[in-house]
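Worksheet for the structure shown next.
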């Protein structure tokens with residue numbers, strides 16, 4: 001029997017050939033103008049050859065400024081380098097049946113020059129700021145969100161199939177909407193995020209895919225989705241994440257990509273490793289949240305699939321009975337499963353706990369994972385050992401790659 005992870009699924013109006021996804025993975029090897037280098041391009045070409053159906057281009061800054069970029073060699077998409085990005089997209093998609101999305105990002109607190117919209121003792125201490133450090137005003141906040149819209153339109157123009165507006169891992173948007181920011185109510189804060197996604201929807205073509213990767217639990221004081229004791233995974237504060245999901249359904253977005261934590265502070269939560277104490281606890285926590293997100297999307301609130309609208313003779317549109325599961329959920333933390341990947345993925349897909357299986361470190365360790373799994377060449381798979389050296393390279397400002405297998409690819 002064919003594994004469910006190799007079954008097709010529709011993301012918006014496009015059919016994915018399987019459920020394998022490369023999560024946004026920063027390589028830190030862009031050209032000086034932020035455009036993809038030869039090394040960047042080669043990395044993505046390897047993934048296309050490995051039969052990944054959905055590939056996210058890594059966190060790409062919406063501005064060349066140090067207030068937006070998290071790393072010197074980070075990708076940056078703008079009007080000046082759009083021709084280079086167009087060439088990049090054409091090379092990646094040439095003769096390859098894949099969906100190529102780009103994650104757009106504004107670094108915020110973790111930019112080369114930190115950008116903060118409020119002070120907080122815990123978050124300021126992490127990046128060694130004091131209360132004299134300037135806080136941006138509302139006009140600047142609005143301009144950042146407007147820049148996301150402009151950059152999403154450029155992404156469409158250069159040939160990307162869609163965008164992921166990053167709201168995770170401590171970046172500007174998740175930092176802005178978390179409870180620690182007491183300058184505004186949650187409704188007021190999240191309104192800007194939702195408005196941005198809506199405007200991207202309104203200003204792009206009907207087939208353009210829109211979604212977001214979201215940290216549904218940060219595990220920090222007054223963090224998003226976090227209870228009174230940040231270290232207690234059982235104290236999940238779900239009311240605000242639940243409200244956000246409902247608002248995303250109303251747009252509607254096309255996918256929600258689950259993640260947790262802030263890797264700068266607690267890498268064990270975002271990227272569980274065999275070196276951690278009880279790493280399985282963090283793996284199951286990812287699965288638990290993915291399941292909760294999926295459950296919210298399968299709730300009573302229905303989204304309207306444009307394909308089910310039928311025009312009657314009098315010009316009135318009606319809705320056919322159809323599948324209302326139009327928003328797909330992408331899960332994380334499967335790298336840790338190693339040889340149990342197919343077993344775990346099939347079970348979760350069958351139980352409607354997830355739609356697409358996302359990989360980060362494992363995609364670096366073996367770019368050809370889906371191809372080898374489909375061909376039954378299990379003994380040839382380079383399984384990630386979760387040493388996390390790829391992430392350490394990134395944080396030290398080096399090009400990120402697999403420290404164990406990169407020379408064998």
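Values as computed for the structure displayed
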item: Base-10 log of normalised Debye intensity for segment 202-282 (one unit scatterer per alpha-carbon) at q = 0.10, 0.27 Å⁻¹; result: -0.32, -1.28
item: Max mean-square fluctuation residue, GNM over the chain, Cα-Cα springs under 10 Å, options 185, 220, 259; result: 185
item: Kirkwood estimate for segment 367-409, i.e. one over the average of 1/r between Cα atoms, Å; result: 11.6
item: Using a Förster distance of 30 Å, the FRET efficiency for residue 377-residue 295 (Cβ separation, nearest 0.05); result: 0.25
item: Prolate/oblate/rounded call for segment 108-184, Cα gyration tensor, a/c under 1.5 rounded; result: prolate
item: Highest-fluctuation residue, 349, 262, 214 considered, GNM on the chain with Cα pairs under 10 Å; result: 349
item: Reciprocal mean inverse distance between Cα atoms of segment 193-242 - Kirkwood radius, Å; result: 12.7
item: Whole-angstrom gap from segment 280-301 to segment 65-93, using each part's C-alpha centre; result: 33
item: Pairwise centroid distance, computed over Cα atoms, of segment 375-409 with segment 1-50, Å; result: 16
item: Cα gyration tensor, segment 106-262 - rounded (a/c under 1.5), prolate or oblate; result: oblate
item: Efficiency of FRET from Cβ geometry, residue 351 and residue 135, R₀ 41 Å, rounded to 0.05; result: 0.35
item: Highest-MSF residue in the chain out of 264, 110, 287 [GNM, Cα springs under 10 Å]; result: 264
item: Residue-averaged [θ]222 nm for the chain, counting only DSSP H segments that reach four residues, each worth -39500 (n - 2.57); result: -10000 deg cm²/dmol
item: Whole-Å distance, taken between Cα centres, linking segment 203-261 and segment 121-141; result: 23
item: Residue 387 versus residue 142: modelled label distance in nm, points set 7 Å from Cα along the beta carbon direction; result: 5.1
item: Mean projected area in nm² (Cα convex hull; one quarter of hull surface) for segment 76-143; result: 6.9
item: Reference-scaled alpha-carbon Rg (2.2 N^0.38 Å with N residues) for segment 1-41; result: 1.75
item: Cβ crowding within 10 Å averaged over residues, with 350-357, 61-68 ranked highest first; result: 61-68, 350-357
item: Segment 39-83: Rg to Rh, with Rh as the Kirkwood radius over Cα pairs; result: 1.04
item: [x] 29.9, 99; [y] 20.3, 66; [z] 23.3, 78, with the label sought being that of the calculated Rg and Dmax of the Cα atoms in Å; result: [y]
item: Volume of the Cα convex hull of segment 1-119, divided per residue and given in Å³; result: 132
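Quick note: the coordinates plus some simple rules give every number you see, no bench work behind them. On a predicted model such as this, the values are computed, not experimentally measured, just so you know. Cβ coordinates were reconstructed from backbone atoms using ideal geometry, including for glycine residues, and neighbour counts include every protein chain displayed.
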